[in-house]
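K.L.:
I have a structure I would like to understand better, so I am pasting it below and will then ask my questions one at a time.
Rule-based calculations on the coordinates, nothing more; no lab input. This structure is a prediction, so every number in the text was calculated from the model and none was measured. Using ideal geometry, Cβ is built from the backbone for each residue, glycine included, and neighbour counts are taken over all protein chains shown.
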Amino acid sequence: MLLPWLPGADLIIAADGGANLLADNNVSPDVVIGDLDGIDSSVLASLPAEKVVHIVDQNLTDCQKALRHAEGLQATDIVVFGAEGTRIDHSLSALYSAGPYQERARIRLVFERMIAHCVGPGNRALETRPSLLVSLLPALPTRVRRAEGLEFPVDGLELLAGGRDGVSNRSTGEIVKLEIESGSLLVFVGRFEGDVSW
């Protein structure tokens with residue numbers, strides 16, 4: 001999933017053991033950041049010291065450290081890979097960690113079957129294809145003022161984690177438009193051919 005996105009990336013930040021995956025694909029990251037407990041010693045030894053940012057702080061995950069680094073570089077478009085992994089707690093942590101950056105950057109998490117878009121208050125248009133799954137999951141209590149391009153209406157809905165959500169909706173065309181009044185929403189859109197887009 002990662003390789004088609006690399007040519008359009010201005011900067012590649014590996015969160016700790018993410019550098020191993022890059023090395024397996026002969027890709028050198030611009031920065032490796034984290035507590036460095038997951039990176040192979042041979043991969044670490046192959047990197048110039050100026051590319052490695054060792055942060056011991058255990059109050060932040062390596063994903064959070066990478067996101068903060070991207071924010072410090074004033075990134076305006078952030079794409080996160082590898083959040084799916086094998087641990088649901090890591091996946092959820094990455095999704096919730098991405099939310100606070102939605103006000104300052106376009107942020108997406110790429111999964112095998114879907115891309116999660118972090119959407120905050122305001123207007124947002126997401127590229128889709130007809131009949132793709134689109135799920136709206138609130139990271140915070142969220143009020144959807146208006147939506148276009150969805151099979152099941154969500155206008156005026158108040159979404160709440162553990163309560164009302166918008167799972168398993170479907171797109172009706174090539175774009176879904178959302179107007180979010182308040183809150184923080186994770187919008188999962190099904191993958192489609194050609195969905196790599198910066």
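K.L.:
Sort 71-83, 110-122 by the packing proxy (mean of other Cβ within 10 Å over each peptide's residues), most packed first. Provide the component values of the computation, followed by the final result.
P.N.:
Working: 71-83: 16.1, 110-122: 18.0.
Highest to lowest by the protection proxy: 110-122, 71-83.
K.L.:
State, as an integer percentage, the relative contact order of the chain based on alpha-carbon contacts under 8 Å between residues 6 or more apart.
P.N.:
This gives 19 percent for the chain.
K.L.:
Per residue Cα convex hull volume for segment 7-68, in cubic angstrom? Could you put the intermediate results ahead of the total?
P.N.:
Numbers: hull volume 5.2 nm³, N = 62.
In segment 7-68, the Cα hull volume divided by residue count equals 83 Å³.
K.L.:
Can you tell me the mean projection area, over all orientations, of the convex hull of the chain's alpha carbons? Units nm², please.
P.N.:
Working: hull surface 44.3 nm².
Convex hull of Cα atoms, orientation-averaged projection: 11.1 nm².
K.L.:
Another question, then. With a Cα-only, solvent-free Debye model of segment 51-147, what are the log10 I(q)/I(0) values at q = 0.23 Å⁻¹?
P.N.:
-1.43
K.L.:
Sticking with this structure for a sec: Just name one of 192, 138, 126: the one whose Cα is farthest towards the positive end of the charge dipole of segment 113-192 (beta-carbon charges, Lys/Arg +1, Asp/Glu -1).
P.N.:
192
K.L.:
What number, in percent, do you get for the relative contact order of segment 129-198 if the mean sequence gap of Cα pairs under 8 Å and at least 6 apart is divided by its residue count?
P.N.:
Normalised by residue count, the contact order of segment 129-198 is 46 percent.
K.L.:
Could you tell me what percent of the DSSP beta bridges with both partners in the chain are antiparallel, to the nearest 5? Numbers along the way, then the final one.
P.N.:
Working: 32 of 42 bridges.
Taking every DSSP beta bridge with both residues in the chain, the antiparallel ones total about 75 percent.
K.L.:
With n ≥ 4 as the cut-off for DSSP H runs, can you work out [θ] at 222 nm for the chain, using -39500 (n - 2.57) per run divided by the number of residues, rounded to the nearest 500? Present the calculation step by step, with values, prior to reporting the outcome.
P.N.:
Values: 4 runs with 35 residues, N = 198.
It lands at -5000 deg cm²/dmol.
K.L.:
Cα centroid distance between segment 1-52 and segment 82-149, in Å?
P.N.:
If we compute the Cα centre of each part, the gap is 24 Å.
K.L.:
Related question: Can you give me the orientation-averaged projected area of the convex hull built on the Cα atoms of segment 1-112, in nm²?
P.N.:
Working: hull surface 27.5 nm².
Computing the convex hull of the Cα atoms and averaging its projections yields 6.9 nm².
K.L.:
Can you give me the long-range amide H partners of residue 172? Hydrogens built in the peptide plane at 1.01 Å from N, cutoff under 5 Å, separation of 5 or more residues or another chain.
P.N.:
131, 150, 151
K.L.:
Once you have the Kirkwood Rh of segment 113-192 from its Cα pairs, apply Stokes-Einstein at 10 °C and 1.306 mPa s and quote D in µm²/s. Write down the numbers at each step before the final one.
P.N.:
Working: Rh = 12.0 Å.
Value of D from the Cα-based Kirkwood radius: 133 µm²/s.
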